[in-house]
Structures are given as C-alpha cells and as structure tokens.
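The structure that follows is given in the form of structure tokens.
The values are calculated or read from the model by the stated rules, or taken from the named source; none is laboratory data. What you see is a predicted model; the values in this text were computed from it and never measured. Neighbour counts run over all protein chains shown; Cβ positions are idealised from the backbone, glycine included.
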Amino acid sequence: MQEAIILVGGKGTRLRPLTNHTPKPLLGVAGSSFIRHQIAKLMDAGVGHVVFATSYLASLFEEEFKDFSQDLKISYAVEEVPLGTGGAIRNAARLLHGTSPDAPVLILNGDILSGVDLPTLLERHEERAADVTLHLTRVPDPRAFGLVPTDGSGRVLSFLEKPKTPEECVTDQINAGCYVFRRSVLDAIPADREVSVEQETFPQLVAAGRRVYGHTTEEYWRDLGTPLAFVHGSADLVTGRATSSLVGPPSEALIHPTAVVDPTSRVTGGSTIGPHAVIGPHVVVDRSIIGAGVVVAEDARIHESVVDHDSSIGRASLLREVVVGCHAHIGADNELPAQLRLSCGIRIPAQGVRVSGTAAACPTVH
Ligand code: GDD
Ligand code: MG
C-alpha cells in the first residue's frame, strides 16, 4: 500500500489573521478545506494511508477528519514542540505501516496546489533507483523557495533554501514541496532534535553523493502560503486553471446554495461565496473569497481579497488585495489598499481609511 506524510505543523504566519484560529491547510479554498483537495489527489494516486505531521492547532485536524468515511487510513503524529520539516518527517515515519527499507514514501508540504502526476513521480523514483526524488518546478522569482539546480540526467547538484543574494540565484528551478523518500533515508534523519529537511537533510544527502534526483514539470503549481497566492489558488480551482476532483466544472464563481447574492451584483474571476453570506446590490466581487455569514453592502468592490467569516463590508467600500479577519466590521466608504491585513473583530468607521483621500469629511473650518 502506498503511504504518504503531509507536513501541516507550520503556523501560517503570512496568512494571519486567517490562521489565528485555523491552520493554513484547513482554510477554505474553492468550497473545501485545502487539505481535502490534497487528500483527494493522494487517494486518486492510490495512497491508502496518510500520516499528518501536526503541531500548531493540531487537534483541529482530528476534528476535521473525525467523520471521514472514505477508504483511507489517517494517522496523526503530533509534535508538542515543532520539530522542523525534517524532524516532522522523521517523527511521522514512526506511524507508517510498511517496514521495507526500500519502500517509497510520498511526502507533501501542506500548502501546495499542484498538477503534478504523483504516479509518474513515483515511477521516476523507482526507475532511477533514487534515494530521494524531488518534484521541481520553475518560477519567475525563485527567492522565496528552495533552489535546486540539476544536471542533464536530473541529478540534484545542490540545494539552496531561500537564497539571500543575487549570486545565489543560480537557477529558477525550485523545490515544489513534494518528495519521494526511500524509507531507510527517511529513518536516518535524527529523531531527537529539530531538523530542517531543506537546510540540513537535502544538502547533506547531495554532499554525501546519495542518489537525489529532480523531476521537473511544467504543470500548474502554486504555494498558497501568502494572501495573494491563496486567493489566486482558490480562484484557479473554481475557473478550472487548477483541478481538483472536489470542484465541479469550471465556472466564474462558486456560490453556496444558502448565500444570497443580489442579481445586480457581479461575482467573477473564480470567487467563492460562503454559506449564509449576503451580497447586496451593485457589488463587485472579483477573484476573492467571501466567508460564511459575511454581509457586503451595496456598491462595495472586493478584488483579490479574503473576508473571513461573520464580517461585514460597508456600502461603497473598496478592498484590493486585503485580508479581513473574522467578525470584523468595515464601515461605508473605506478604501483599503493592497497588503492590508485586518485583525479579527476590528471595527473601521465609515471613511476611516481612504488611500486616495477626500476633502468631504474634513472638520477643519477656514
Ligand atoms: N509538522 C511540522 N512541523 N510541519 C512543519 C513545520 C514543523 O516544525 N515547519 C513547517 N511545517 C510545514 C508547514 O505547515 C508547511 O506545510 C510545510 O511544512 C512547508 O512550510 P512553509 O512554511 O510553507 O515553507 P515555505 O513555503 O517557506 O518553503 C517550503 O516550501 C517551498 C515550496 O512551496 C520549502 O520546502 C521550500 O524549499 C519550497 O521551495
Ligand atoms: Mg509554503
């Protein structure tokens, strides 16, 4: 039986405040928690046992899957103190059922939306009798990732996590956060301390001449770890640029049956509207995620933003690349600029924030 480990113990700091109460892999993306899309992909690839390597808000993973009735065994390796990516993999390996030292184990970061064909990745690993096979992809700006140059045969030459200087950016080919490990290699990771698979394990394996190979693909790939990537990933699933067996045919928007959307509003670009949300007249929601119970008043415009559950957006307010935490209230006529992240429960009065400024409300008398 094919087994897999998913790393889901990170704090998701770049997605705060959404991750204040929900771990990144459990955030809603195109109508389901992100991890469910990953689980569906693993099951389609024949995986029969998944170990979640959890730490931050660990109990919520067990809660999410307590009624999961499909044909998949799920185990939880909980780290009281985060062990780093390598330590987490080693710790989770304790719970794998297989015992063969050569068994291939799939390992995934818990925030990767990817079109990679997992059976092909496993095949390449076996064909090359590799110790580790890394899925690699190319991105326009590789600085936020692990750089992985390879030779003509696909053999990994070095591994450079998050390059600091332009000289270190030797390639645009990056670690896509999905690996196949030979079981014995995984068991050799130190068990008694924090280990980074990117900064320690991969460089050491390459330096020791172990058979570390890359499998580079051109398919869809996105790390959902930043707000913009998160909304784009969700929208791509809705519009069909990215695929998941949990999402229906490509469409402009995914509107929950209990949501109420005024017929004069436009919900486009792969936006998602959650349960019991209310979207008023002449509203534009474009490439955004609107959570459960959110109320958006007339003439508001929301672009590439996330509004978490039970918040409200006032009349004629404009949001662009903004994250609004849960239970927040944004009054009328606000103009919220890109990269703003508003705390859960915050209240912004009418005209409280306007990047373009306006004289209308100025109380100074001349
Ligand atoms: N269990 C556990 N314990 N999981 C962890 C820990 C830990 O201590 N630290 C991080 N994780 C999990 C996160 O939850 C996430 O799913 C995954 O490991 C990767 O962590 P990120 O914080 O998302 O890392 P990143 O995006 O900066 O970089 C990683 O992913 C890139 C691809 O998206 C690296 O693997 C890069 O090399 C890679 O290019
Ligand atoms: Mg990430």
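Can you pull out the residues in segment 148-169 that are assigned to a loop (DSSP other than H, G, I, E, B) and buried (at least 17 other Cβ atoms within 10 Å of the Cβ)? Before the answer, list the steps.
To start, the set of residues in segment 148-169 that are assigned to a loop (DSSP other than H, G, I, E, B) comprises 148-149, 151-154, 157-159, 162-165, 169.
Of everything in segment 148-169, those that are assigned to a loop (DSSP other than H, G, I, E, B) and buried (at least 17 other Cβ atoms within 10 Å of the Cβ) turn out to be Val148, Gly154, Phe159, Pro163.
Now for a separate question. Select from segment 1-18 the residues that are assigned to a helix (DSSP H, G or I), touching a residue at least 12 places away in the same chain (Cβ under 8 Å) and either within 23 Å of Glu198 (Cα to Cα) or in contact with a Ser or Thr (Cβ under 9 Å, 6 or more places away or on another chain) (or both) and list them in ascending order.
Of everything in segment 1-18, those that are assigned to a helix (DSSP H, G or I), touching a residue at least 12 places away in the same chain (Cβ under 8 Å) and either within 23 Å of Glu198 (Cα to Cα) or in contact with a Ser or Thr (Cβ under 9 Å, 6 or more places away or on another chain) (or both) turn out to be Arg14, Leu15.
Please work out if Ala93 is touching a helix residue (DSSP H, G or I) at 6+ places or on another chain (Cβ under 9 Å), closer than 22 Å to Ser184 by Cβ and touching a residue at least 12 places away in the same chain (Cβ under 8 Å). Outline the logic, then answer.
Values: touching a helix residue (DSSP H, G or I) at 6+ places or on another chain (Cβ under 9 Å): yes; closer than 22 Å to Ser184 by Cβ: yes; touching a residue at least 12 places away in the same chain (Cβ under 8 Å): yes.
Criteria met by Ala93.
Specify the residue that is nearest to ligand 2 (Cβ to nearest atom); the eligible residues are those in segment 179-224 that are farther than 26 Å from Gln2 by Cα and at pLDDT below 95.
By that ranking, first place goes to Arg193.
Identify, from the list Ala242, Ala235, the residue that is away from ligand 1 (no atom under 16 Å from the Cβ), surrounded by 22 or more Cβ atoms within 10 Å (Cβ to Cβ), within 25 Å of Asn175 (Cβ to Cβ) and within 14 Å of the chain's Cα centre (by Cα).
Working: Ala242 fails: away from ligand 1 (no atom under 16 Å from the Cβ).
Checking each option against the conditions leaves just Ala235.
Here is a list of conditions, (1) touching a strand residue (DSSP E or B) at 6+ places or on another chain (Cβ under 8 Å); (2) within 16 Å of Leu42 (Cβ to Cβ), and Pro119 meets all of them except one; can you say which number that is?
That leaves (1) as the condition not met.
Take Asp71 and tell me if it is modelled with pLDDT under 95, touching a helix residue (DSSP H, G or I) at 6+ places or on another chain (Cβ under 8 Å) and of a type in the set (D, E, K, R).
When the stated conditions are applied, Asp71 passes them.
Report the residue count in segment 170-200 for those that are crowded, with 22+ Cβ neighbours inside 10 Å, touching a residue at least 40 places away in the same chain (Cβ under 8 Å), closer than 16 Å to His135 by Cα and not aromatic (Phe, Trp, Tyr).
7
Follow-up question, since we're still on this one. Kindly check whether there is at least one residue in segment 216-235 that is touching a Pro at 6+ places or on another chain (Cβ under 9 Å), part of a loop (DSSP other than H, G, I, E, B) and of a type in the set (D, E, K, R).
no
Give me the pairs: first residue in segment 51-80 and within 13 Å of Ile5 (Cβ to Cβ) and touching a residue at least 24 places away in the same chain (Cβ under 8 Å), second residue among the small types (Gly, Ala, Ser) and within 16 Å of ligand 2 (Cβ to nearest atom), beta-carbon distance under 6 Å, and six or more apart or on different chains, which are they?
Ala53/Gly9; Ala53/Ala88; Thr54/Gly9; Ala77/Ala53; Glu79/Gly9; Glu79/Ser55
Of the residues that sit in segment 19-57 and are among the polar types (S, T, N, Q) and closer than 22 Å to Glu198 by Cα, which one is nearest to the chain's Cα centre (by Cα)? Show your work before the answer.
Here is the first cut: in segment 19-57, the ones among the polar types (S, T, N, Q) are 19-20, 22, 32-33, 38, 54-55.
So of that shortlist, the ones also closer than 22 Å to Glu198 by Cα come out as 38, 54-55.
On the way: Gln38: 10, Thr54: 15, Ser55: 16 Å.
Residue satisfying both the conditions and the ranking: Gln38.
May I ask you to verify whether Leu42 is outside the structural domain of Ile289 (by TED's automatic domain parsing), over 21 Å from Val307 (Cβ atoms) and within 10 Å of ligand 1 (Cβ to nearest atom)? Outline the logic, then answer.
Values: outside the structural domain of Ile289 (by TED's automatic domain parsing): yes; over 21 Å from Val307 (Cβ atoms): yes; within 10 Å of ligand 1 (Cβ to nearest atom): no.
No: the conditions fail for Leu42.
Has segment 250-260 got any residue that is touching a residue at least 60 places away in the same chain (Cβ under 8 Å), within 30 Å of Gly86 (Cβ to Cβ) and not assigned by TED's automatic domain parsing to the domain that holds Ala88? Quick ask: steps written out before the conclusion?
If we filter segment 250-260 for residues that are touching a residue at least 60 places away in the same chain (Cβ under 8 Å), which is where we start, we get 254, 256.
Applying the additional criterion that residues be within 30 Å of Gly86 (Cβ to Cβ) yields none.
Checked against the condition, which is being touching a residue at least 60 places away in the same chain (Cβ under 8 Å), within 30 Å of Gly86 (Cβ to Cβ) and not assigned by TED's automatic domain parsing to the domain that holds Ala88, segment 250-260 yields no hits at all.
Somewhere in segment 310-331, is a residue surrounded by fewer than 18 Cβ atoms within 10 Å (Cβ to Cβ), in contact with a strand residue (DSSP E or B) (Cβ under 6 Å, 6 or more places away or on another chain), within 30 Å of Ser33 (Cα to Cα) and modelled with pLDDT of 95 or more?
Checking segment 310-331: at least one residue is surrounded by fewer than 18 Cβ atoms within 10 Å (Cβ to Cβ), in contact with a strand residue (DSSP E or B) (Cβ under 6 Å, 6 or more places away or on another chain), within 30 Å of Ser33 (Cα to Cα) and modelled with pLDDT of 95 or more.
Additional query: What's the number of the only condition in (1) among the aliphatic types (A, V, I, L, M); (2) over 29 Å from Val306 (Cβ atoms); (3) at pLDDT 95 or above; (4) within 16 Å of ligand 1 (Cβ to nearest atom) that Val81 fails to meet?
That leaves (3) as the condition not met.
Of all residues in segment 320-350, which are touching a His at 6+ places or on another chain (Cβ under 6 Å) and without any contact (Cβ under 8 Å) to a residue 60 or more places away in the chain?
Within segment 320-350, Arg320, Gly345, Arg347 meet the criteria.
Go over the candidates Lys24, Lys73, Lys11 one by one and state the one that is surrounded by fewer than 22 Cβ atoms within 10 Å (Cβ to Cβ) and in contact with a Lys or Arg (Cβ under 9 Å, 6 or more places away or on another chain).
On the way: Lys24 fails: surrounded by fewer than 22 Cβ atoms within 10 Å (Cβ to Cβ); Lys73 fails: in contact with a Lys or Arg (Cβ under 9 Å, 6 or more places away or on another chain).
Just a single option satisfies the conditions, and that option is Lys11.
Conditions (1) away from ligand 2 (no atom under 16 Å from the Cβ); (2) in a strand (DSSP E or B), marked per residue:
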position	(1), (2)
Arg36	yes, no
Ala40	yes, no
Met43	yes, no
Val50	yes, yes
Ala53	no, yes
Asp67	yes, no
Gln70	yes, no
Ile74	yes, yes
